[in-house]
Amino acid sequence: MSGTTGQSEIGVLLVDDQDLFREGVAVIVGAQEGMAVVGSAADGLEAVRLVDELEPDVVLMDIRMPEMDGVEATRQIFSPDRVKRRSKPVRV
């Protein structure tokens, strides 16, 4: 992804179990110059998978969600095996 200034955009993954909240945050993030929503997830399991797949720069993570909460998802995202496989760091 490239911004209008030639610099890379910040890729954001949104993670929250409420669709309306994710959609609202996506509008806000999308309106920021240099930022783009690269994906969204409704639970921690999906978030872990999408971080591996999409390699976002930033993950905006809810804490309380079904299937896997945000704390456990963050722990898994930063597991040593996953960190080694990434081509760039991620922030949660």
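Values in this text are rule-based calculations from the coordinates and carry no lab data. Since we're looking at a predicted model, the values are computed, not measured. Cβ atoms come from the backbone with ideal geometry, glycine included; neighbour counts cover every protein chain shown.
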One residue from Val12, Val25 being in a helix (DSSP H, G or I) and buried (at least 16 other Cβ atoms within 10 Å of the Cβ): Val25
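Here's the yes/no breakdown for (1) β-branched (Val, Ile, Thr); (2) touching an Asp or Glu at 6+ places or on another chain (Cβ under 9 Å); (3) closer than 16 Å to Val92 by Cα:
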{"residue": "Gln32", "(1), (2), (3)": "no, no, no"}
{"residue": "Val38", "(1), (2), (3)": "yes, yes, yes"}
{"residue": "Val58", "(1), (2), (3)": "yes, no, yes"}
{"residue": "Arg75", "(1), (2), (3)": "no, no, yes"}
If the requirement is being touching a Ser or Thr at 6+ places or on another chain (Cβ under 9 Å) and more than 18 Å from Glu9 (Cβ to Cβ), which of these qualifies: Ala47, Ala41? Ala47
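Hey, could you check region 33-92 for residues that are aliphatic (A, V, I, L, M), in a helix (DSSP H, G or I) and more than 10 Å from the chain's Cα centre (by Cα) and say which is surrounded by the most Cβ atoms within 10 Å (Cβ to Cβ)?
As a first pass, look at region 33-92 and keep what is aliphatic (A, V, I, L, M): 35-38, 41-42, 45, 47-48, 50-51, 54, 58-61, 63, 65, 68, 71, 73, 77, 83, 90, 92.
With in a helix (DSSP H, G or I) added as a condition, the list becomes 45, 47-48, 50-51, 54, 71, 73, 77, 83.
So of that shortlist, the ones also more than 10 Å from the chain's Cα centre (by Cα) come out as 45, 71, 73, 77, 83.
Values: Leu45: 16, Val71: 13, Ala73: 27, Ile77: 22, Val83: 11.
Per the stated criteria, the residue is Ala73.
Being in contact with a Phe, Trp or Tyr (Cβ under 9 Å, 6 or more places away or on another chain), of a type in the set (A, V, I, L, M, F, W, C) and closer than 18 Å to Ile10 by Cα is true for just one of Val92, Val58, Val25, Val29. Which residue is that?
When all the criteria are applied, what remains is Val92.
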